[in-house]
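Q: Let me give you the structure first, and then I'll get to my questions.
A short reminder: the numbers here are calculations on the coordinates, not readings from a lab. Small disclaimer: the values here were computed from a predicted structure and weren't measured. Note that each Cβ is placed from the backbone with ideal geometry, even for glycine, and that neighbours are counted across all protein chains shown.
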Amino acid sequence: MKRLRIYVDTSVFGGCFDPEFAEWSNALMDDFRSGRAALVISDVTIGEVAMAPERVREIFSELLEIADDLAVTAEALELLRAYESHGILASRFRNDMLHIAIATVAEVDVVVSWNFRHIVRLDKIRHFNAVSLELGYKPLTIYSPREVASHEQED
């Protein structure tokens, strides 16, 4: 069976140290370490993590060698502009939209985030996918780590 390509935003790495989210974020990191899932990040993630606390940077650095790092392409920037023109999020949340654009262009299997305000929210997911579909992209699946981490269980 093909491994899932999972695009992870910065909140998931930070979640490894948050009592509310640690169980699920750490389980997902174990999935990446074991090869059960493929970690996908972007240059945006790298830039955001560079400003994160030391312990977040450490876990990120450990996993960086096995991650597929996606660049910010002209195609992703074009999709970002479409999201912006549709007013999906305020411009100050540009990086959140850029995560979605990069993942959409790369056709990852799922985006995983703890950002319930701007990313893991049904109305936002529907808006992102409507714009993407309008421009010929496939819809994007977006979940929190809780729905994606395997906890080493085989179904």
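Q: Kindly identify the chain as rounded, prolate or oblate by the Cα gyration tensor criterion: order the square roots of the eigenvalues as a ≥ b ≥ c, call it rounded if a/c is under 1.5, otherwise compare a/b with b/c, prolate if a/b is larger, else oblate.
A: Details: a/c = 1.65, a/b = 1.45, b/c = 1.14.
Prolate is the answer for the chain, as a/c is 1.5 or above and a/b outweighs b/c.
Q: In addition: Which order do His151, His86, His99 fall in if you start with the one that has the fewest other Cβ atoms within 10 Å? Please report the intermediate quantities before stating the final value.
A: Details: His151 11, His86 14, His99 29.
Arranged by neighbour count, lowest to highest, His151, His86, His99 become His151, His86, His99.
Q: With 10 angstrom as the radius, rank Ser113, Ser25 by how many other C-beta atoms surround their C-beta, starting from the fewest.
A: By the 10 Å Cβ count, ascending: Ser113, Ser25.
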